[in-house]
Amino acid sequence: MKKSLILLVVVFCFSCGEDYVPKPKAELRLEYPNAQYVDDNLELPFAFEKNLLATKVVSKQLKAPTKSYGVNLEYPALKGTIFLTYKAIEKDKENLKDFLRDAQKFTLEHTKKADEIPAYPFENKERKVYGMLSEVKGNVASPAQFYVTDSVNHFLTGSLYFFAKPNYDSILPAASYLQKDIKRIMETVTWK
């Protein structure tokens, strides 16, 4: 009995020879395919390049005081959508003021939950495209909004939404990827 007890103590002492090492913290690694852009091929008063990852594109005419269209670029793999809204200004300064005010008001509504909202002006004199991209940081419903206009005839707004509860850390990789698509839309938009 004594020999068994001594043997058990010796085995117990030598069986725990390694020190415990905690598992290192890991970062989530999400890899998205390189963006491949093509012309939109939609019958709209404007054209732009879209990412092939936007596999579902829906456009429709909207009921509004001026000619208006809605375009949804759905990214099922990222569970997100870029919503575009086009409005004809019709050379009316009041329409332009109203559209600008609405676009800026929409972005400012996120100040309640946003950590910060950096805004980046955009200008392409050659194509007559002027606008603003706002990146909304924090747990917000829409992490990016933009508008572009020629200030005379055309006004286009856009916003990014995900089909998930807003959690900034979780959606950040997908939001960053889709913000590049938003920038591409702004850079390639042409008025018809």
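Derivation of every value follows stated rules applied to the coordinates shown; laboratory data play no part. Remember, it's a predicted structure, so these values are computed and weren't measured experimentally. Cβ placement follows ideal geometry from the backbone for every residue including glycine, while neighbour counts extend to all protein chains displayed.
Computed from backbone phi, the HN-Hα couplings of region 171-188 come to 8, 3, x, 5, 4, 5, 4, 6, 5, 5, 5, 4, 4, 5, 4, 4, 6, 10 Hz, rounded to whole numbers (Karplus: 6.51 cos²θ - 1.76 cosθ + 1.60, θ = phi - 60°; Gly and Pro given as x). Farthest toward the positive end of the dipole of the chain, out of Ser151, Tyr86, Leu73, is the Cα of Leu73, where the dipole comes from beta carbon charges about the Cα centre. Taking the Cα centre of the chain as origin and assigning +1 to Lys and Arg Cβ atoms and -1 to Asp and Glu Cβ atoms, the resulting dipole is close to 460 debye. Against the chain, whose longest principal axis is taken from its Cα atoms, helix 93-108 shows a tilt of about 10°. Please enumerate, by chain and number, the aspartates and glutamates with C-alpha under 20 Å from the C-alpha of Lys165, excluding those fewer than 8 residues away in the same chain. Filter leaves Glu74, Glu109, Asp115, Glu116, Glu135. Here region 59-169 is treated with +1 on each Lys and Arg Cβ and -1 on each Asp and Glu Cβ, and its dipole about the Cα centre works out to around 300 debye.
Pairs spanning more than 23 Å between alpha-carbon atoms, out of Lys50/Lys87; Lys63/Lys93; Lys63/Lys97; Lys63/Lys128; Lys60/Lys93: Lys63/Lys128; Lys60/Lys93. In the set [x] -0.35, -0.41, -0.92, -1.37; [y] -0.23, -0.30, -0.87, -1.43; [z] -0.35, -0.43, -0.88, -1.16, which value of log10 I(q)/I(0) by the Debye sum over Cα atoms at q = 0.08, 0.09, 0.15, 0.19 Å⁻¹ was calculated from the structure you see? Computed from the coordinates, log10 I(q)/I(0) by the Debye sum over Cα atoms at q = 0.08, 0.09, 0.15, 0.19 Å⁻¹ corresponds to [x]. 3J(HN,Hα) couplings calculated from phi for region 83-92 with the Karplus curve 6.51 cos²θ - 1.76 cosθ + 1.60 (θ = phi - 60°) are, in sequence order, 9, 10, 10, 9, 9, 7, 7, 6, 6, 10 Hz; Gly and Pro show x. In whole angstrom, note down how far apart the Cα centers of region 65-122 and region 143-192 are. Cα centroid to Cα centroid, the span is 9 Å. Highest mean packing first, where packing is the average number of other Cβ atoms within 10 Å per residue, the peptides 173-183, 104-114 line up as 173-183, 104-114.
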